[in-house]
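Data first, discussion second: the structure below is written as structure tokens.
The values are calculated or read from the model by the stated rules, or taken from the named source; none is laboratory data. All of these numbers come straight from a predicted model, not from anything done at the bench. Here the Cβ positions follow ideal geometry from the backbone for every residue, glycine too, while neighbour counts run over all protein chains shown.
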Amino acid sequence: MPNPDSSITGLPIAVPVIPVSMLNRLARERLEAAFPLCWVAGEVSNLSHAASGHLYFSLKDNAAQVRCVMFRSRAQLLGWRLENGQHVETRVLVTLYEARGDFQLNVEGARRAGVGNLYEQFLRLKERLEREGLFDSAGKRSLPAFPRRVGVVTSAQGAALRDVLSTLRRRASQVSIVLYPTPVQGDSAAAQIAEAIRNAGERRECEVLIVCRGGGSIEDLWAFNDEAVARAIRACPMPVISGIGHETDFTIADFAADQRAPTPTAAAELAAPERSALIARLAANQFALRRHIEQQINQRGQQLDWLAHRLQHPAQYLARHHEGLRNLERRLGAGLLQASARTRTTLADLARRLLLIRPDSARHAGRLQALAPKLHGTFHKMLHGKSADLGRLAAGLAHLNPQAVLARGYGIVTNAQGQIVRSSTMLEPGARIAVFFQHGRADAAVLAVSEDSDRPLAGGEIASAARPE
């Protein structure tokens, strides 16, 4: 079914319908992607300072205008006050305020129109000298703690000199001041400032040097953005404090100096410590020193009393030790007597014990004589018994002797290989055998072999069986 709206709008049915918020968001994203950060020049108008700290204004020229906003975090870094009618150059992000669909510029930074080239020169010189190492913190020198003379490079008619003099007079009236006058503004000011710094370094009349001037625009302070001034500061033999412009003003001389102060007054405060503070520190140190000395005196007095108590005349010392030696001598004599007495008592006791345990040789000799006949009788009896046992064992051994068996008429039969014949099965008819007797041997041949051994043979049968036919 066709969309009834298509006949009115003339659009195809497939075209999506998006809300306004999505449209504004897509437009903002396209604008921010298409336009990177850029510089836009114009005249400030309709400036409004919001309670939140944000700045709202318009930038315009002869043909058009655009809304701008500078948020608080960026406005605090501006360093000068934005006013209606000022011609400025702003670094902006092109965007869209989605809530109202307003095209606007988010201002990231701003500078007064006409100073853009100077600022670019400042950045290029700063970057080159920084790469060269002229600003390295390792080359910075520490300020003297108690300078007696302070040098000032500035205009003799400027307010900066009056601020320095009044500050030093109020804080450190004991410090002498040497002025090296020089113009601080104009085409030839940079060369004269560098010459004044070199002159102060060659004369070596002071321990620390202040290079200062009052506030102003970037054009007013441009003499201190000169390379010759920066190199003269680094070549100066004494530490240099820069106090140029206001707190938000930075120059090349500030980076080259050993210490930067936000204002000439602050430079004077850094150059010399406050006299009242030094007096207070001196009084505190004096009190601490006096207390320390008193404590040391008391401790040494106690040590002296203790040593005096120990100190005595040499004769007294010798007499005391002589008396001690006599006491030791008496104790040694008494100890030797006691030791010898104990030794004699011990020896007497040992002698008595030896007498008690000494054997009776006469009694034991009689006992030996009484036991001797008994020993001889027992020995002969035992010898007779052992002899009888030996005879019985010899008779039994002789009975088991093969020669005794042969003496009773038996013989030993061996085959041709010399093996003893124990069974008739080991022989065959015609086999050669040897018969051993008690005395001699006989060689024979087997006539017949029989396994019947149940009937014993008589002596005659044995002889006939052994005799050959």
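Below, the figures for the structure above:
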item: Residue satisfying all of: in segment 65-100; surrounded by 15 or more Cβ atoms within 10 Å (Cβ to Cβ) and charged (D, E, K, R); farthest from Met22 (Cα to Cα) among these; result: Glu89
item: Leu37 being modelled with pLDDT under 90, under 25 Å from Ala253 (Cβ atoms) and within 52 Å of the chain's Cα centre (by Cα); result: no
item: Long-range neighbours under 7 Å by Cβ, at least six apart or interchain, first residue at negative phi and in a helix (DSSP H, G or I) within segment 336-364, second surrounded by fewer than 10 Cβ atoms within 10 Å (Cβ to Cβ) and among the β-branched types (Val, Ile, Thr); result: none
item: Selected residue (criterion: modelled with the highest pLDDT) from residues of segment 416-469 that are of a type in the set (Lys, Arg) and farther than 19 Å from Val405 by Cα; result: Arg432
item: Single condition Glu247 does not satisfy, out of (1) closer than 24 Å to Thr167 by Cβ; (2) in contact with a strand residue (DSSP E or B) (Cβ under 8 Å, 6 or more places away or on another chain); (3) surrounded by fewer than 15 Cβ atoms within 10 Å (Cβ to Cβ); result: (2)
item: Residue identified as without any contact (Cβ under 8 Å) to a residue 60 or more places away in the chain, surrounded by 15 or more Cβ atoms within 10 Å (Cβ to Cβ), assigned by TED's automatic domain parsing to the domain that holds Ala272 and of a type in the set (Ser, Thr, Tyr) among Ser155, Ser137, Ser176; result: Ser155
item: Selected residue [under 30 Å from Ala172 (Cα atoms), of a type in the set (A, V, I, L, M, F, W, C) and under 60 Å from the mean Cα position of the chain (by Cα)] from Ala280, Ala308; result: Ala280
item: Residue check for Arg67: part of a helix (DSSP H, G or I), in contact with a strand residue (DSSP E or B) (Cβ under 8 Å, 6 or more places away or on another chain), outside the structural domain of Ala172 (by TED's automatic domain parsing) and touching a residue at least 24 places away in the same chain (Cβ under 8 Å); result: no
item: Qualifying residue in segment 269-289 (condition: touching a strand residue (DSSP E or B) at 6+ places or on another chain (Cβ under 6 Å) and in a helix (DSSP H, G or I)); result: yes
item: Some residue of segment 191-211 being surrounded by fewer than 21 Cβ atoms within 10 Å (Cβ to Cβ) and under 30 Å from Ala280 (Cβ atoms); result: yes
item: Any chance Gly186 is modelled with pLDDT under 90, in the same structural domain as Gly53 (by TED's automatic domain parsing) and surrounded by fewer than 18 Cβ atoms within 10 Å (Cβ to Cβ); result: no
item: Qualifying positions in segment 254-268 - in a loop (DSSP other than H, G, I, E, B) and over 20 Å from Arg231 (Cα atoms); result: Pro262, Thr263
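This table checks each residue for (1) more than 20 Å from Glu269 (Cα to Cα); (2) touching a helix residue (DSSP H, G or I) at 6+ places or on another chain (Cβ under 7 Å).
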residue	(1), (2)
Gly151	no, yes
Gln157	yes, no
Ser173	no, yes
Tyr180	no, yes
Val184	yes, yes
Ala194	yes, yes
Arg204	yes, no
